[in-house]
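These notes concern the structure reproduced below.
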Amino acid sequence: MGHPLHLTVPDGLPFIDFEREFDHPVADVFRAHADPALLREWLGPRGTHVEVDSYDFRTGGAYEYHHTGPDGVSYAFRGVLHTVRENELVVQTFEFGGYPDVVELEYLRFEDLGDGRCRLVGHTVHASQEARDGMAGSGMESGLSDGYERLEELLAARVR
């Protein structure tokens, strides 16, 4: 079920790019990012529990949440939303609590493919090559892949 995540980590550049198609309309995929009640149902790897501490999903807003894994270890994340254009674009910062002061800039584009399908395209810019390499080696790919599979499952269950 669902589509694969395509992740690119270009040599010598502090970027990570990814894209993932969904068999659901842009509005549904965007809403799953914007609504904290939906977000906690799909964000992160399988087996993690997400608590949303604050979530103001609008231009100029901010967020904080934490994941708790099956081992009971909690990981905090926070950021600022610089631009939110409904069903189109989110530009935000992303900071992992385990590495404070290492902030990435993330662009998420929501593309309508027609026929009730869409593509999510992400581009992250890291402060340094070292920070990018750390993120790429952190399990980001499997976490994103799991999360987007869970999102596809959530949206499919809501359609039934």
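Odds and ends about this structure:
- For the range 89-129 and the range 1-72, distance of Cα centres in Å: 9 Å
- Eigen-decomposition of the gyration tensor built on the alpha-carbon atoms of the range 2-88 gives equivalent ellipsoid semi-axes of 21, 19, 16 angstrom, largest listed first.
- The slack between residue 51 and residue 3, meaning 0.36 nm per residue of separation minus the straight C-alpha distance, is 14.6 nm.
- Those residues of the range 39-66 whose amide nitrogen sits under 16 Å from the label point placed on residue 74, 7 Å along Cα→Cβ: 48-55, 64-66
- Span-rule helices in the chain, defined as complete DSSP H runs reaching 18 Å or more along the axis (Cα) with Kyte mean at least 0.5: none
- Computed over the chain: relative contact order in percent, which uses C-alpha pairs under 8 Å that are six or more apart: 27 percent
- Convex hull of the chain built on C-alpha atoms - directionally averaged projected area, nm²: 9.1 nm²
- The length gained by stretching the chain between residue 13 and residue 136 to full extension, at 0.36 nm per residue less their Cα-Cα distance, is 43.1 nm.
- Counted residue by residue at 0.36 nm each, then reduced by the alpha carbon distance between them, the extension gain from residue 86 to residue 115 reaches 8.5 nm.
Read-outs: derived from the displayed coordinates by stated rules, not from any lab. Being a predicted model, the structure only gives us computed values, none of them experimental. Neighbour counts are summed over all protein chains in view; Cβ atoms, including those assigned to glycine, are modelled from backbone coordinates with ideal geometry.
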